[in-house]
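The values are calculated or read from the model by the stated rules, or taken from the named source; none is laboratory data. Computed from a prediction, not measured in an experiment: that's the story for all the values here. All Cβ positions, even for glycine, are placed from backbone atoms using ideal geometry, and neighbour counts span all protein chains on display. We work out accessible area using only protein heavy atoms, side chains counted, and drop any ligands, DNA or RNA first. Shrake-Rupley method; radii C 1.70, N 1.55, O 1.52, S 1.80 Å.
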Amino acid sequence: MQKLTPFLISCLLVFGVAACQDAAKTTVTAPAPNEAPEAPSTQATQAAQEDAQSEVRRRQLDADIRAREQRNNATGGDTQRATGDLASEVRSKLEANIPKGQLTVDAAEDGTVTVAGTVNNQQELAKIERLAKEIKGVKTVVVKATVAPPQS
């Protein structure tokens, strides 16, 4: 029974991911992968930063990443990761480490992750690929994000 429970939960999550093909976003206002990015407002940037840097949200992001890794390890999913899981884990990692970013994450079955949207400066843009590759299963990172400081 102990081995069956994680399997059933994993099946439900995989089904849920397959049913929802929306790209993972670090904020509600992040552009879709095929939309032209626009500079966010100062208020949107501040709200995103406050949310991402709150202690509750950081614990949620860390717990999300740990739970997905444990589930993938329990189900032998190290070699065959669901694209939704991959996109969600990368999104969580970016949200926690680039809190002012307005990013959208999309993943393909071959381990390619595409990150689009905007960040506030060149340093944040440079972090995207390194952070995304820290997630197990990411093989290639395509960065389509641009630098667009918030506008008043």
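Overview of values
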| quantity | calculated |
| --- | --- |
| Efficiency of FRET from Cβ geometry, residue 146 and residue 9, R₀ 22 Å, rounded to 0.05 | 0.05 |
| In segment 77-152, trypsin sites (Lys or Arg not before Pro) in a DSSP loop with at most 13 other beta-carbon atoms within 10 Å | 139 |
| Carbon + sulfur, % of accessible area of segment 112-152 - ligands and nucleic acids excluded, 1.4 Å | 50 percent |
| Segment 56-152, Cα convex hull volume normalised per residue, Å³ | 83 Å³ |
| In segment 61-152, the GluC sites (Glu not before Pro) that fall in loop regions by DSSP, at most 14 other Cβ within 10 Å | 109, 134 |
